[in-house]
Amino acid sequence: MKAARRLLEAHTGLVLFFLYAPILVLVVYSFNEAKLNVVWKGFTLEWYARVWTDTGLVRSLQNSLMVAAITTVFSVALGTGGAWLLFRYRYPGERLLQTLVFLPMIVPEVILGVSLLILFVVVRLELGFTTVVISHVTFCFPFVLAAVEARLAGMDPALEEAALDLGATPFVAFHKVIVPYLMPAIASGALMAFTLSLDDVIVTYFTASAASRTLPLEMFGRVKKGVDPSLNAISTVFIGATILAVLTTQLLNRRGALTAPATQGGEKP
Amino acid sequence: MRVFTIGSAPARGMLAALTALALGTWAHPTVAADAPSELNLFAWSEYIPTSVIEGFEKESGIKVNYEEYASNEEMLAKLVSGASKYDLLQPSEYTVEALIKEDRLQPLDKSKLPNLKNVEAWYTTQAHDSGLKYSVPYMSGTVGIVVNKEKVKEPVTGYDDVFKDAHKGRIVVLDDAVEIVTWAMATQGKGPAQVNSENVAATRPVLERWLPLVKVYDSDSPKTALLNGDVDIGIVWSGEGAILVNEAPEKFQYILPKEGAHMFIDSLAIPKDAPHPEAAHAFIDYLLRPEVSRKISEEFPYTNPNVGARKLLSDKERNNEASYPKGSPRLEIFRDMGPTAVEIDELFTDVKAKSAS
Amino acid sequence: MRQADTAFESASGNRRAPRLTAYLLLTPLLVWVMAFVVAPALIILVYSFGERQVLGGVTLGFSLRSWARVGDPIYLAILWRSVEYAGITTLICLVVGYPVAFVVGRASERHRPLLLTLVMIPFWTSFLIRTYAWVTILKSEGLLNSLLLQLSWISEPIEMMYTPFAVIIGLVYTFVPFMILPIYGSVEKLDASLIEAALDLGAGPWRAFWKVILPLTRPGISAGVLLVFVPALGLYAVNDILGGGRVDMIGNVIENQFKGTARNWPFGAALGTALLGAFALAFWLTRRPGRADRAAG
């Protein structure tokens, strides 16, 4: 069993290396002197200096984060609520709804983008943040729903029953029992939604206005001039900040867990 | 009650933070007020340098909203949907022609464009918009052959020299059906103005010979494969060619094919329903100033139609043959090809699918 | 799995007929799906019967011209190729991702969110920058070739860029987190005592995995397969950058109808509708009512 565990951990290490290898390359090349970021020329910090003054990049990064954050919240609400209701109750036409929910995943982005654009024009919704968020939620929430559904599958029904027997209303039972039980799936769904939203180009192009440009749009636009290392620099700054934030949260949580043990979690199963 | 402890605090914290971020940012959406001193610019991505836009904003007090697109068709898709009203577009010549045919552009008021005199005479006589009634050339360029001289030793003068068995798997071309089909037509002695069903169909055997030799199709950044040494020869935009030549003049050479090269003219035009045509005219005229136009050349080594700006270029820039070809090569512009474009797309997809394997 | 079966039986027996509140609660999802999934899908369906306009866009009408082209063997062959690529990608993602999901899901509770986030962070950079980083690694004068040459494992550079190999690498890279995350959700809830019990009864690790763990995590696997296979089918940008666009995927063809010079929206719409229809049918048939992916739970 120990050997098996070792093997699994080694495999995980390798996969993490695979995931981070390009990121490492990207970080290294953010220090590349060459404007055409293809061949290594020499070390420089110039691109970092430039990123701060590049209003286009900074503003689009802000837009991206904002859109991704709002999208995640809506996707989690729609996806979790939807998955629970579809699991708990027997609705007529449920299978049809299940199928429809996942259509945005298969539809090619350009079609989703164009059709949503037409829709927004028809209902006279002005292009901007709202339209971008709507379209992002549309292709993100199925991911949350699928993750939560998988977690719900085979859930012990006694769980909710027990809470209801103890006199909790279905809402309280959902909030206090089901949501905590689903949390790992909700978290992974949220991560997927956030990531997908942060990375989308085509749907965003069709549904954004000049003021709501996102970072990927900005980056794709720059390919024509050659991908210069300032794009790597801003990615590096962002990744660095994220890792730092995650580690800090981790540390804070550990401390929190020590002082106030296990009100919500933190206990080993 | 093990279950109660499963919900992980960090995950909850993350969600809470996201909610806070979402609500916080939701509170102040950007207001798109329809002030008179605005210009809604819809142009190619990054094609108009930030310094130029800032210079114009400062001088005129007009705020420029720059929305970007990556191809003429992307621009048209958003334009025809009617989702937003734009003041100024940046279509290429064949798109200008289509827009004029569909009555989508408004005639320019030349009294507001004194700097139009800087534009080279050749550009005022082209068929897509003869006399420049609706459009002003912004930058132009060609499609030509780039050769890595270290790898390709024999002379290259035309399309047929590129598509040779010796270069199999070492070729990059634009990922553009219309381009490739018109190159094939050129080898059969037909220019882009002769695009019709019959002539397009006649290129099939040429494409069947060419496409299996190609390694990379890339319209966005064909220079990458050449720079990386993954291919040795290619047919690319002159801007890409110029960047390669600037990067390594001893290695790369840009050649205009002898059968006739395609020339594109990226232009500026005002849509019929533009809310701020005054501002659009002011911006066009600003871009036509030699010292402003020169800045654009600095960022994009295409052919500058602005004679005044060309005088301000450095010798190195002027001598880059990808930007300013020597002699008088045969240059032809694309025309709007209407429904034939569908046939070209179908033919190309078909031959490409059969060449792979 | 007698026990699990009874659990499932009672689970499905416990699914209630919805009352008014339950309908009300479902409204947001229903409205969203009607407004932003069904309505756009209908627009596309209507467009597929229209006629192409000069500037793009569609003249509405009832023409079967676009649909007649959809059945053309060229496009069927292209669709089949996309299915193959998506299938291989899904399989590799499953084999590569499952053990990772397992390790993360069985890690101490404190570390799980950290590990999960670590898996996802690389994807918070732009797709474009990530993919160009792969170009830097895979090109003939690239990092991987240099490394292999240095180690004398190869004597001359291997051609990796612009091959199906590069495309698959890129696809697996893009999608492996979408396999790991849903499986994690299933692994995380595995009861440790159940696994121990299996081992105590003399089952080797392999048998315990095959007979106990795998069936219990099947819902996560099917969710992962769904989340990888389906989007992989439509993705073409990886194919363009790492594969050099030498072969078309169905996504390329559809994209070209809207963003290429053909400007043939009705044909693009017809291809898109066909793809949607095929997916919906497959999905409908595999999710038999009641059972479906809940079965093995």
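What length, rounded to one decimal in nm, is gained on full extension from A:Ala241 through to A:Leu45, with 0.36 nm per residue of separation minus their alpha-carbon distance? Intermediate results must be reported in sequence, preceding the final value.
On the way: separation 196, 0.36 × 196 = 70.56 nm, distance 1.76 nm.
Extending this stretch completely gives an extra 68.8 nm.
Estimate the FRET efficiency between B:Ala201 and B:Asp273 by the formula 1/(1 + (r/R0)^6), using the beta-carbon distance for r and 41 Å for R0, to the nearest 0.05. Please report the intermediate quantities before stating the final value.
Working: r = 39 Å, r/R0 = 0.95.
Approximately 0.55, to the nearest 0.05.
Please figure out what share of the DSSP beta bridges in chain B is antiparallel and state it in percent, rounded to the nearest 5. Spell out each step's value before the answer.
Numbers: 21 of 39 bridges.
Bridges in chain B are about 55 percent antiparallel.
Helix A:55-88 against the longest principal axis of chain A: what's the angle in degrees, Cα atoms only, rounded to the nearest 10?
Once rounded, the angle reads 20 degrees.
Have a look at B:Phe348, A:Met192, B:Tyr86 and report the one farthest towards the positive end of the charge dipole of the protein assembly as shown, computed about the Cα centre with Cβ charges (Lys/Arg +1, Asp/Glu -1).
A:Met192
Using alpha carbons only, how many angstrom separate the centre of segment B:168-222 from the centre of segment A:39-94?
40 Å
Any idea how far apart B:Asn246 and C:Asp72 come out in nm if each label point goes 7 Å out from Cα toward Cβ?
Going from the B:Asn246 label point to the C:Asp72 one covers 4.1 nm.
Tally Lys/Arg at +1 and Asp/Glu at -1 over every other residue whose Cβ is under 15 Å from the Cβ of A:Val67; what's the total? Kindly include the intermediate steps, with their values, before the conclusion.
Details: positive: A:Arg59, A:Arg213; negative: A:Asp199, A:Asp200, A:Glu218.
So the surrounding residues net to -1.
Helix-derived [θ] at 222 nm for chain B: sum -39500 (n - 2.57) over DSSP H runs of at least 4, divide by residue count, nearest 500?
-11000 deg cm²/dmol
Of A:Lys35/B:Lys316; B:Lys153/B:Lys223; A:Lys41/B:Lys311; B:Lys63/B:Lys110; B:Lys85/B:Lys316; B:Lys78/B:Lys117, which pairs sit farther than 29 Å apart, going by alpha carbon to alpha carbon? All intermediate terms of the calculation are to be shown ahead of the outcome.
Details: A:Lys35/B:Lys316 18 Å; B:Lys153/B:Lys223 20 Å; A:Lys41/B:Lys311 33 Å; B:Lys63/B:Lys110 23 Å; B:Lys85/B:Lys316 41 Å; B:Lys78/B:Lys117 32 Å.
Over 29 Å apart, Cα to Cα: A:Lys41/B:Lys311; B:Lys85/B:Lys316; B:Lys78/B:Lys117.
Would you be so kind as to identify all helices of chain B, as entire DSSP H runs, whose Cα atoms reach 20 Å or more along the helix's own axis and whose mean Kyte-Doolittle hydropathy is at least 0.0? Mind showing how you got there, number by number?
On the way: long enough: B:9-26 (25 Å, 1.04); B:340-355 (22 Å, -0.06).
The answer, listed by residue number, is B:9-26.
To the nearest 10 degrees, how steep is helix A:2-29 against the longest Cα principal axis of chain A, on a 0 to 90 scale?
Relative to chain A, helix A:2-29 is tipped by roughly 40 degrees.
Let me check I've understood the local charge: for B:Ala353, count other residues with C-beta under 10 angstrom from its C-beta, Lys and Arg +1, Asp and Glu -1. What total comes out? Show your work: numbers first, answer last.
Values: positive: B:Lys352, B:Lys354, C:Arg81; negative: B:Asp350, C:Asp248.
Here the count lands on +1.
Find how many whole Å separate the alpha carbon centroid of segment B:263-290 from the alpha carbon centroid of segment B:310-357.
24 Å
For chain B, modelled as a GNM with alpha-carbon contacts under 10 angstrom, which of B:Gly338, B:Gly169, B:Gly241 fluctuates the most?
Among B:Gly338, B:Gly169, B:Gly241, the largest GNM mean-square fluctuation belongs to B:Gly338.
What's the FRET efficiency of C:Glu156 with B:Glu298 using the Cβ-Cβ distance as r and R₀ = 45 Å, to the nearest 0.05?
Numbers: r = 41 Å, r/R0 = 0.91.
Computed FRET efficiency for C:Glu156 and B:Glu298 comes out at 0.65.
Nearest 500 deg cm²/dmol is fine: what mean residue ellipticity at 222 nm does chain A get from its DSSP H runs of n ≥ 4 alone, each adding -39,500 (n - 2.57), divided by its residue count?
Values: 12 runs with 199 residues, N = 269.
Helix contribution divided over all residues of chain A: -24500 deg cm²/dmol.
Would you list, by chain and number, the aspartates and glutamates whose Cα falls below 17 Å from the Cα of B:Lys258, excluding same-chain residues fewer than 8 positions away?
B:Glu154, B:Asp160, B:Asp161, B:Glu179, B:Glu321, B:Glu332
Calculate one ³J(HN,Hα) per residue across segment C:170-178 by plugging θ = phi - 60° into the Karplus curve 6.51 cos²θ - 1.76 cosθ + 1.60, and present them in order as whole Hz with x for glycine and proline.
x, 5, 4, 4, 5, 9, 4, x, 7
Which whole-number percentage describes the relative contact order of segment A:130-233, with Cα contacts under 8 Å and a sequence gap of 6 or more? Write out the running numbers ahead of the final one.
Working: 61 pairs, mean separation 38.4, N = 104.
Value for segment A:130-233: 37 percent.
Among C:Gly50, C:Gly245, C:Gly142, which one moves the most in a GNM of chain C with springs linking Cα atoms closer than 10 Å?
C:Gly142
Could you check the simple spin-label distance between A:Phe18 and C:Trp284, using points 7 Å along Cα→Cβ, in nm with one decimal?
Simple spin-label model gives 3.6 nm for this pair.
Mean residue ellipticity at 222 nm from the helices of chain C, using -39,500 (n - 2.57) per DSSP H segment of n ≥ 4 over the full residue count, to the nearest 500 deg cm²/dmol?
For chain C, the value works out to -21000 deg cm²/dmol.
Have a look at the DSSP beta bridges in the protein assembly as shown and tell me what percent are antiparallel, nearest 5.
Details: 24 of 43 bridges.
Antiparallel bridges: around 55 percent, rounded to the nearest 5.
I'd like the distance between the alpha-carbon centres of segment C:211-228 and segment A:199-253, rounded to an integer number of Å.
Cα centroid to Cα centroid, the span is 32 Å.
Taking a cut-off of 18 Å between Cα atoms, list the aspartates and glutamates near B:Lys58, but don't count ones fewer than 8 places away on the same chain.
Within reach: A:Asp54, B:Glu38, B:Glu278, B:Asp285, B:Glu291.
Go through segment C:208-214 residue by residue and turn each phi into a ³J(HN,Hα) via Karplus (6.51, -1.76, 1.60, θ = phi - 60°); whole Hz please, and just put x for glycine and proline.
3J(HN,Hα) across segment C:208-214, in whole Hz: 4, 5, 5, 8, 10, 5, 4.
Read-outs: derived from the displayed coordinates by stated rules, not from any lab. Owing to the predicted nature of the structure, the values given are computational and were not obtained by experimental measurement. Ideal geometry is used to build each Cβ from the backbone, glycine not excepted, and the neighbour counts take in all protein chains shown.
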